[in-house]
Structures are given as C-alpha cells and as structure tokens.
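**Q** For reference, the structure I am asking about is given below.
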Amino acid sequence: MSHDHRTRSFQVEALTRVEGEGGLIVEIHDGAVRDVRLRIFEPPRFFEAFLRGRAYTEPPDITARICGICPVAYQMSACQAIEQACGVTLDAPLRDLRHLLYCGEWIESHVLHIHLLHAPDFLGYPSGIAMAADHRAELERGLRLKKIGNEIVEVIGGRAVHPVNVKLGGFYKAPDASRMRALAAELVWATDAAEEVARWVATFPIPDHELPDGTDLVALRHPTEYPMLGERLVSTSGLDIAADEYLAHFTEEHVQHSTALHGRKLAGGDYLVGPLARFVLNADHLSPRAAALAAELGLTAAERNPFRSIVVRAIETLHACEVALAIADAYAVPPRPAVDVPPRAGAGCGWSEAPRGLLWHRYELSADGTITDAHIVPPTSQNQPVIEHDLIHLIEHSLHLDDSALEALCEQAVRNYDPCISCATHFLDMRVVRT
Amino acid sequence: MSLATGCQAPPITVIGIGNPYRHDDAAGLVVLASLSQRFAAEQRIRLVELDGEPVRLIQSWEGSDTVLIIDAVRSLHPPGTIHHFRADGISGAAADGIALGGGHLLGLGEAIDLARALCLLPRDLDVVGIEGADFELGQGLSAPVASACDLATAQLVDQLEQLLLSLVSRSGAAARPAARR
C-alpha cells in the first residue's frame, strides 16, 4: 500500500471466496479510476479442444468435469445441444427429471455461495469459518439445505459430484420411487428453511449501488417456467432469440490481461447474466412462495443493485425447493429412462441457466457422431466485462473510503457475481492495485 | 451420504480428492480407484471420490469415526513425496508448512477448520498428501507421482486391514461382557 499527493495504491494478492483463482487489478490515479482488469492466466478452451474427435455421447460426462460446482449445468447444455443436432426431443417425464436435477444443483450452489462465500462480507467476517462462532445455527441450517441439494443430484444423477447417470436422451436408470418419496419428505423441510434463509439475508446491510447505466440484462425465458431449462434468450433491451442465433448477437474476444475470453454484445455495450438478470426477466414465473416473498422483500423487475443478488439467490433457492418438491411429489417411474439419440451429421446449439447464468454450447458432428467442433460459452466469461465496469462505477462513488475498506468493498462486489473462474478457464488469483 | 435411507454409516470413510483433467492433481482419485479394487465389497468402508468442495467433503464422512483423505499437494518437496498429516496438525491452508490448497473455493485445510468450528470432525482424520509435479490441464500422472500412488495404495491397504481387524476385536470385546451376562 502506498500514498503520495497524487496516488494511492494497494494490492490484494489473492481474491478469496470465489470459485477458482485469478486476479483483479484496480488502478486509481489522481482521485480517478484509471483501470480495472480482471486477470485470468490459465489456458482456456482446453475442454473444447479435448472434445474434438470424441464421440457425440461423451460431452455430458467430459464437460461435467469443467466445474465441480455446476456439473449439471454443463451436462444439461451439452445434452440439449447434441439432441438438437440429432433432432431428438425428450419425453415429458424425462425433462421433469432433468429439471429436478437442475434444482438440486441450484440449491447446492446458491446455498454454498450465500453462506460460506458472501454472507461473511455483509456481516463483517473474514470468512465463513470465522462467522461460524457467532452464526452457527444459520450455517448448520445452510449445510443441511445444501445437503438436500446434494441428495437430489445423487438420487437423479447417480452421485453427488460429477453425476454419472446423465446421458443423451435422458438417464441410464430412472430413480426408484421410494428414494423420490424420501427426497420429497426432506424437501418439505428445505422449502421452509429456504424461506428462512431469504428472510435472514434480507436483513443484511446492503450497499446503495446500481449497475452502470445501459447494462443489458440477459437471461433465458420459458413460456411457463422460471428458466433453468429456458427456450429463448431475452434481454432488457428487447432481444428475443433462439439458441442457434446466439453467435449472431454475441461474441467473445481476447483481452491482453486475461487468457479467458470476454463476452461481448455485437451491438456494443455490457451485458449481465445470472440471478439478478434472471429475476428481472422472469419474476412472473417464480413459484408461489418465492414470488410472494420476493414481493414482500421489495424485489421488483426494476432491481439493478448487484449487492441484492444475495437476496435473489435466496429467492431462487426457495423457488428451486418448491419446484423440486412438486416434481418429486408427482414422480412415477417413467416408461423408459431415455429416448434413443442416433447420430447424424450437423450442428446443434443448446443452453441452460447455470446458477451463475447463461451457459451456451454448440457442437458439430459428423455422420458417425464424431465431434468435429465444440464451442462453450460459460457465464463468468460473459460477466467479466460488466464486473470490471461495475467496479469502476462502484469505486468512483467510494473514493472517500480508506484503502482497506475500499478493498473489502471491491471483493464483496466481485462476489456479487459469484464468479466461477474454473468455468471461465481454471484458477484465478485476485490482485487489486490502487495507484 | 444418503439422507433418507436411514442406513447406519460405515465406521471408516476413505476419500480421494482430485481432478482427473489436471495431471498429478488426480493422484487422490488414482489411489482411491486402486483401493476400490480391494475394498469395493467391504461394507465397513465407504469409498468417496470428491473434487474438494468443502461442504460435500465434510458431509461425506458423516457418521464415520475414522476418515482417511488422499489428495495431491504442492510444496518444495520432491515430486512423489508422500506426506502424512492428522487433523490436529492441520489448520487454515497449511499443514506443517505444506499447502493443502484447492482450486475451488476453500482448501482442504480450511474445510477441516470449518468442520472443527461446527464440531463435525470425526474421531480420527488422517490425510495422505502426494507431492505433485504437474498440475496443468491434461490427463495422466507424472512418473514419480504414479510410483508414489502405488506405494501409498500399498500402505493404505495395510492400514485399512489393520483398522478392520481392530473393529473386529473391538466388537468382540464389546460382545463378551454381554455374553457373560
């Protein structure tokens, strides 16, 4: 940390409590923010290259290894893209099982982020471990809730980490009805607990802040559902497109300070994916208790404060519990665990809403099903530019803070986006510099 | 780690941590796979593959008194060095000066700290750390790490067989007074 009459500087060598390791540099000169750069060092796109030449049946298992936090998202987007390429549509009961599996991942991921990564920022603790002494009951409730998310993934996906039961067209084996009944019983508790979590985080002191003007909020949209498995992409600027139109509106570009690609709108301007964007564009499709609680807590489609993302995550957790309970309650073993997906030459695009936001996949296949090209756009690379610009905006309004307070605020703001650097590449270490 | 089956947890849990697409980071998974060949049918041992996510880690040993964790480590020791730690020697991100880091979220040391804070540590928790050389993206272990995995597997087979014998003698000791009554 250094000061002179014109400059101040500080460094945070490692950005903790994000999923992965990477770096962030903030430069302030003469009282003005000169630059903010989110640095990522690891070679990206390993998995895209790794997939070329592999069989079309392999991406659900291989891409699940990109991220330990959101393997289901990778499996769902991969399956949808390849099924589209092969011209296959799922039976309704199998789609319900995918929806349930995705609920499990949302519960796991959101609960982990709320309790161990982000709540300590709001409550003034350096870590979730330090927070445990004063908030043990809340952490224990969170751990039990997360465990139910794990259990959903285990029952449907075959195991809690990197599920092995997912295949093109559905599942290798349909879950037993008895295990589903046991799951439903746990979800009754989980739904109540999720509501308590949302009420708890709504009491946190929320910094007064808004996204930079003109930020476009982007999320999937489904005719009747909150869009874990959405069909079209919509935005607050009026975009409404299908999965195979994605590259006509969005691109990725390399920037010097990062080996991860940055998502860009071809029309220009920043865009945001993730819980806040999903809520703003899909609040009308929340489950009943989640919708009522969101309204009670003052969340509306006009919400633009990224620090309130923690409340949105809690509302989405409640939604996921309600939806999971409804599917588990209505479950009957489907007539077949999977539909056949014969290979054919062509290309297919698929997408879904990972806990952190839109995850788009595209595959090209030869006639025998060999993958000739793969393209994966994860949510964190799409959010990198808006994270940088949001930090500039935030710091400009927070220059009165001393260095340590400003550092802490920057880290808290980065965690608003729950960046999964492991998905964007693998490993990030954060460094903040003020000069 | 079933919530709902109501089955009694096995007394021993063995956890292999790693990423199979980061070369030597897969050491824990390779050892676990070898142990599975020997102990897959053993009802008293639960074998778990994890990526190191701390809450899943803590919840994966629930109900077991004895937990063995195998993970890759990175320090200044030669690749293939096998380290042994006990939970009471592990705190924060370091054990005896050796980083027990994690690419995701929190490292193993911090996960153990969290378990300690929430009174969720098992009675005995041992960590076998295998010093890695190559953590870049890709598959396959480096030669010294592959050899270390074989050695660690052999050591763990011996340790687990001893533990199983001690369970038999303990249950026998518990049964004898009852038989006398």
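**Q** Under the condition of being β-branched (Val, Ile, Thr) and within 23 Å of A:ALA328 (Cβ to Cβ), which residue from the range A:61-97 is surrounded by the most Cβ atoms within 10 Å (Cβ to Cβ)?
**A** For the range A:61-97, the residue satisfying everything is A:VAL72.
**Q** Considering only residues of the range A:147-180 that are surrounded by fewer than 21 Cβ atoms within 10 Å (Cβ to Cβ), within 10 Å of chain B (Cβ to nearest Cβ) and assigned to a helix (DSSP H, G or I), which is farthest from the chain's Cα centre (by Cα)?
**A** Going through the qualifying residues, I end up with A:SER178.
**Q** Does A:SER109 satisfy being polar (S, T, N, Q), in contact (Cβ under 8 Å) with a residue 12 or more places away in the chain and buried (at least 19 other Cβ atoms within 10 Å of the Cβ)?
**A** Yes; evaluated as a whole, the condition is true for this residue.
**Q** Let me ask something else. Which residue is surrounded by the most Cβ atoms within 10 Å (Cβ to Cβ), if the candidates are limited to the range A:238-296 and must be part of a strand (DSSP E or B) and among the hydroxyl-bearing types (Ser, Thr, Tyr)?
**A** Of everything passing the filter in the range A:238-296, A:TYR271 is surrounded by the most Cβ atoms within 10 Å (Cβ to Cβ).
**Q** What single numbered condition from (1) modelled with pLDDT of 95 or more; (2) part of a loop (DSSP other than H, G, I, E, B); (3) out of contact with any helix residue (DSSP H, G or I) (no Cβ under 7 Å at 6 or more places or on another chain) fails to hold for A:GLU225?
**A** So the condition that A:GLU225 fails would be (3).
**Q** Can you tell me which residue is surrounded by the fewest Cβ atoms within 10 Å (Cβ to Cβ) among those in the range A:380-417 that are modelled with pLDDT of 85 or more and in a loop (DSSP other than H, G, I, E, B)?
**A** If we take residues in the range A:380-417 being modelled with pLDDT of 85 or more and in a loop (DSSP other than H, G, I, E, B), then A:HIS400 is surrounded by the fewest Cβ atoms within 10 Å (Cβ to Cβ).
**Q** State the number of residues belonging to the range B:19-31 that are within 12 Å of chain A (Cβ to nearest Cβ) and either basic (Lys, Arg) or under 11 Å from the mean Cα position of the chain (by Cα) (or both).
**A** Within the range B:19-31, residues that are within 12 Å of chain A (Cβ to nearest Cβ) and either basic (Lys, Arg) or under 11 Å from the mean Cα position of the chain (by Cα) (or both) number 2.
**Q** Can you tell me which of A:HIS319, A:HIS254 is touching a residue at least 12 places away in the same chain (Cβ under 8 Å) and of a type outside the set (Asp, Glu)?
**A** Step by step, each of A:HIS319, A:HIS254 is checked, and only A:HIS319 is touching a residue at least 12 places away in the same chain (Cβ under 8 Å) and of a type outside the set (Asp, Glu).
**Q** Which of (1) surrounded by 17 or more Cβ atoms within 10 Å (Cβ to Cβ); (2) modelled with pLDDT under 75; (3) under 27 Å from A:ALA130 (Cβ atoms); (4) within 14 Å of chain B (Cβ to nearest Cβ) is the odd one out, the single condition A:GLY23 does not satisfy?
**A** Looking at each condition in turn, A:GLY23 falls short on (4).
**Q** Here are some residues: B:LEU141, B:LEU106. Which one is at pLDDT below 95 and either surrounded by fewer than 20 Cβ atoms within 10 Å (Cβ to Cβ) or part of a loop (DSSP other than H, G, I, E, B) (or both)?
**A** B:LEU106
**Q** Please count how many residues of the range A:181-196 are more than 14 Å from chain B (Cβ to nearest Cβ) and either crowded, with 20+ Cβ neighbours inside 10 Å or not acidic (Asp, Glu) (or both).
**A** Total satisfying the criteria: 3.
**Q** Another one. Provide a single number: the residues in the range B:38-74 that are in contact (Cβ under 8 Å) with a residue 60 or more places away in the chain, within 9 Å of chain A (Cβ to nearest Cβ) and within 23 Å of A:ILE66 (Cα to Cα).
**A** Selection size over the range B:38-74: 2.
**Q** So A:ARG37 clears everything in (1) more than 17 Å from A:SER352 (Cα to Cα); (2) among the charged types (D, E, K, R); (3) assigned to a helix (DSSP H, G or I) except one condition, right? Which one?
**A** In the conditions (1) more than 17 Å from A:SER352 (Cα to Cα); (2) among the charged types (D, E, K, R); (3) assigned to a helix (DSSP H, G or I), A:ARG37 misses (3) alone.
**Q** Restricting to the range A:53-73, and then to whatever is charged (D, E, K, R) and not in a loop (DSSP other than H, G, I, E, B), can you tell me which residue is farthest from the other protein chains (Cβ to nearest Cβ)?
**A** Going through the qualifying residues, I end up with A:ASP61.
**Q** Could we say that A:LEU97 is more than 14 Å from every other protein chain (Cβ to nearest Cβ), touching a residue at least 60 places away in the same chain (Cβ under 8 Å), out of contact with any Asp or Glu (no Cβ under 7 Å at 6 or more places or on another chain) and of a type outside the set (D, E, K, R) here?
**A** Yes.
**Q** Only one of these conditions is not met by A:TYR125: (1) under 21 Å from B:GLY109 (Cα atoms); (2) of a type in the set (Phe, Trp, Tyr); (3) under 21 Å from the mean Cα position of the chain (by Cα). Which number is it?
**A** Tallying (1) under 21 Å from B:GLY109 (Cα atoms); (2) of a type in the set (Phe, Trp, Tyr); (3) under 21 Å from the mean Cα position of the chain (by Cα), A:TYR125 fails exactly one: (3).
**Q** Here's a follow-up. Does B:GLY16 qualify as being of a type in the set (Gly, Ala, Ser) and either modelled with pLDDT under 90 or surrounded by fewer than 22 Cβ atoms within 10 Å (Cβ to Cβ) (or both)?
**A** Spelling it out, it is not the case that B:GLY16 is of a type in the set (Gly, Ala, Ser) and either modelled with pLDDT under 90 or surrounded by fewer than 22 Cβ atoms within 10 Å (Cβ to Cβ) (or both).
**Q** Given (1) at pLDDT below 95; (2) within 12 Å of chain B (Cβ to nearest Cβ), identify the lone condition not met by A:GLY124.
**A** Looking at each condition in turn, A:GLY124 falls short on (2).
**Q** Still on this structure, I have one more. Give just the number: which of (1) free of Cβ contacts under 8 Å to residues at least 60 places away in the same chain; (2) under 23 Å from A:GLU48 (Cα atoms) does A:GLN80 not satisfy?
**A** Among (1) free of Cβ contacts under 8 Å to residues at least 60 places away in the same chain; (2) under 23 Å from A:GLU48 (Cα atoms), A:GLN80 violates only (1).
**Q** So, A:ILE129, is that one at pLDDT 95 or above, in a helix (DSSP H, G or I), more than 26 Å from A:TYR56 (Cβ to Cβ) and among the β-branched types (Val, Ile, Thr) or not?
**A** no
**Q** Tell me, yes or no, whether the range B:147-167 has at least one residue that is part of a helix (DSSP H, G or I), buried (at least 20 other Cβ atoms within 10 Å of the Cβ), at pLDDT 70 or above and within 14 Å of chain A (Cβ to nearest Cβ).
**A** no
The values are calculated or read from the model by the stated rules, or taken from the named source; none is laboratory data. Predicted model only: the values in this text are computed from it and were never measured. Positions of Cβ are generated from backbone atoms using ideal geometry, with glycine treated the same way; all protein chains shown enter the neighbour counts.
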